[in-house]
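Structure first, commentary second.
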Amino acid sequence: MWKKAYHANCWGSLGGNAVGVTSIAQLTYRTFANIERAIADIGACGYEGVEVFDGNLLDYEGRFKDLKSACRNAGLTFLAAYSGGNFIFDDILEEELTRVERVAAAAAEMGAQHLVVGGGAKRAKGNRQDDIKKLAAALEKVVGIARKAGLQAHYHPHLTTMIEGPSEVRAVFKETSIHFCPDTAHLAAAGGDVPAMIREHAGRISYIHLKGWQKEPFAFTPLDRGTLDMNAIIQAMKDIGFSGWVTAELDSWPDPKEGAALSMKYLRAAE
């Protein structure tokens, strides 16, 4: 029914480039892992596409042929890159957008369709009244960057950012035209009724991240387990006639290939 991809973020610990502490333009996400091994495992589990973090993608600048070869050998489409930023601080916004431009160019070189960004910083002393508008204005610039590269831009609400639950999602999407990439686990953990949010924002959703979530103890899970009612989410996707790519993701699992296989088994059964 849907083309199925998997995020390559589960094959090692998650982090970022430490140099980004003092050089914002270098502040990328990354998985500390062999990405080509992850790609091979994802293909072996039957997925058709792969998404990677911006830092792992930019590692291949100057040698994209190696990443293309890994995807080709695994039978995968390089589908998307994930990036992000604070997006509300005027002094560093240009640096952040310069990095997003690099990521978009690299993703385009790989033949990607989607550019996904998360972010919108939580200020230490609480966000200001105009921060939603600042975030939305930055996201509009991301839309332009993605369009210039031939990509579709998406915003991904995320725990620990200023856009977590339904009211914040509703507020930011009033101010920007960027598409909405729901992450089912993050939205649920922030108190969202995920099926209802998918129905509410149906016109903005052209790409979806599916991830399971366990409330107690807090953990992200494969799609076949956890607290989150994934069957209800799948039904909401069917109800809105969603026909785009879905990317399953899982931040951590003892055996990452097994985690990918469990989610694929669920997706096949849910079709």
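Please treat every number below as a calculation from the coordinates, not as lab data. Keep in mind the model is a prediction, meaning the values are calculated, not measured. Every residue, glycine among them, receives a Cβ derived from its backbone with ideal geometry; neighbour counts consider all protein chains shown.
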Which of the helices in the chain meet the span-like rule: DSSP H, Cα axial reach of 30 Å or more, Kyte-Doolittle mean at least 1.6?
none
In deg cm²/dmol and to the nearest 500, what is the mean residue ellipticity at 222 nm of the chain if only DSSP H runs of at least 4 residues count, each as -39500 (n - 2.57), divided by the residue total?
-12500 deg cm²/dmol
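Could you tell me what percent of the DSSP beta bridges with both partners in the chain are antiparallel, to the nearest 5? Intermediate values should be presented prior to the final figure.
Details: 7 of 35 bridges.
Of all bridge pairs located within the chain, approximately 20 percent are antiparallel.
Can you give the net charge of the other residues whose Cβ lies under 13 Å from the Cβ of Gly15, counting K and R as +1 and D and E as -1?
Spelling it out: positives minus negatives among the neighbours equals -1.
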Just to confirm a number: summing +1 for Lys and Arg and -1 for Asp and Glu over residues other than Phe220 whose beta-carbon lies under 9 angstrom from that of Phe220, what do you get?
-1
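Considering only DSSP beta bridges with both partners in the range 1-125, what is the antiparallel share in %, to the nearest 5?
Values: 4 of 18 bridges.
So the antiparallel bridges amount to about 20 percent of the total.
Hey, got the dipole for the chain? About the Cα centre, +1 on K and R Cβ, -1 on D and E Cβ, debye to the nearest 20?
Details: 30 positive and 33 negative charges, 66 e Å.
Here the chain has a charge dipole of around 320 debye.
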Find how much the distance from Ser206 to Thr22 grows on full extension, using 0.36 nm per residue of separation minus their present alpha carbon separation; answer in nm with one decimal.
62.7 nm
How far apart, in nanometres, would the label points at Leu159 and Gln214 be if each is projected 7 angstrom from Cα along the Cα-to-Cβ direction?
1.3 nm
Of the candidate values (1) 20.5; (2) 21.3; (3) 18.5, the one computed for Kirkwood radius over Cα pairs in Å from this structure is (3)
Candidate lysines for bridging to Lys65, where Cα separation is under 18 Å - those fewer than 8 sequence places away on the same chain excluded:
none
